[in-house]
Structures are given as structure tokens and as C-alpha cells.
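As C-alpha cells, the structure follows; a few thoughts come after it.
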Amino acid sequence: MAQDMTTGRQFGARREEILRAAATLFAARGFHGVSIEDLGRAVGTSGPALYRHFPGKEPLLAAMLLDVSERLAAGGRERVAAAAGPREALESLLRGHIAFALDEPALITVHDRELGNVAEPERHRIRRLQRGYLEEWVRVLAELRPDRRPDLLRATVHATFGLLNSTPHSAGELPGDRMAELLLQMGSAALLADERPS
């Protein structure tokens, strides 16, 4: 039994290694610019050996984007549930998303460019998870800004995601901790900004 568990952990670790390498390659060259042999070389094996983990390049992309969507959705729910109130929940959501954006900018690039290469029903599942994550933010923001309509709150959260997800372009100019604090300040200001009359 112990050997089976160790084998399972090793298999899982290898799978994660492949997903990380694929994210880096897809971000750099695009999904269609990377072959299964390229992926194999990136993790020190042959291309066909990857089929033990994924049946092909498209299922690998789907698994990558499902994984990050599930992690963000689950993390968002946990952060809100653990918070003492909406302001703490909002800061926790921001810090969690900022940590993701700074740690995994390649995944942001791949999602933005390559979601269209994911087949249904996986694409539908990814979109559903993303909507749930967005609505977690909207519910928290609605408690802080009850005067705002839901459509305005959603637009505000979407715009803030655009700011936070700029890390493939903006990160690297500052040390990570300073960039995180800058994004926290800017994200908070964007989410809680007052409307100006037209």
C-alpha cells in the first residue's frame, strides 16, 4: 500500500512537472508552435512517453486550464469563508489572485491566447468555474458597495482582473514583494473607486 501511494505521488508530481513545462512553452511559442516532442524534451523524456499522463496535446491544454480555474475557484471560496468580514475577504481575494499572477504569468498568457483550442465540454467547465470565481468577488464587493448595480460590480471586477493579470508584461520591473503591494494598492483602489458623474 505504501509503495502504491509513493507511486501515485510520483505520478502526480510528474504530471505537474509536465503541466508547468507546457505552460512555459505554450506561452513562449503558442499552442500550435509546440510539438509533443518539444514537451517531452522539456521534461527530459520522449514525446510518446507523455501519453502515459495525457492522451494528447489538446487534453493537456484542457487539463492545464481546468486545473488553474479549479484552484482559483476553490481558493476564492476558502478565502471568503475564512474572512471576518467583506473588507477582509476582499483583501484576501486580492492577495490570493496577486500571488497567482506573480507566480504563474505563463498560465495567464496561455489562457488568454489558447482557450479557443480547448474542446467542449472542457471549455464550458472552465468558463463555469471562472464565472463562479468572478461571482465570489462580486458578492463580496456588493457588501461593501450596496449602492452599485450587479452589472457595474461585474464590470469593475473584470477590469480589476485585467490589471492584476498584467503580470506577463508588468512583473520584473520591481522586486516581487514590492510588485505585490503595488498591485494590492491599485486593485483595492480600482474595486472601491467612486463613480464620477458623466
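The values are calculated or read from the model by the stated rules, or taken from the named source; none is laboratory data. Quantities reported herein were computed from a predicted structural model and do not represent experimental measurements. Here the Cβ is made from the backbone with ideal geometry for all residues, glycine too, and neighbour counts use every protein chain on show. SASA here: full protein model, heavy atoms, side chains in, ligands and nucleic acids out. Shrake-Rupley method; radii C 1.70, N 1.55, O 1.52, S 1.80 Å.
A few notes on this one:
- Solvent-accessible area of Asp147 with every protein chain in place, 1.4 Å probe, in Å² to the nearest 10: 110
- With eigenvalues of the C-alpha gyration tensor scaled by 5 and rooted, the chain, Å: 34, 18, 17
- For the stretch 183-193, backbone phi angles converted through the Karplus equation (6.51, -1.76, 1.60; θ = phi - 60°) give residue-by-residue couplings of 5, 5, 5, 5, x, 4, 5, 5, 5, 9, 4 Hz, Gly and Pro being listed as x.
- Using a probe radius of 1.4 angstrom, the carbon and sulfur fraction of the accessible surface of the stretch 1-115 is 53%.
- Along the chain, the longest continuous region that contains none of the GluC sites (Glu not before Pro) in a DSSP loop with at most 13 other C-beta atoms within 10 Å is 1-172.
- Full extension of the chain between Glu143 and Arg77 yields a length gain of 22.2 nm, computed as 0.36 nm times the residue separation minus the alpha carbon distance.
- Degrees separating the helix 2-29 axis from the principal Cα axis of the chain, which is the longest one: 70
- Length available on full extension from Arg52 to Arg14: 0.36 nm per residue minus the Cα-Cα distance, which gives 12.6 nm.
- Area of Thr156 that stays accessible when all protein chains are in place (1.4 Å probe, Å², to 10): 20
- Average accessible surface area per residue within the chain, 1.4 Å rolling probe, Å²: 55
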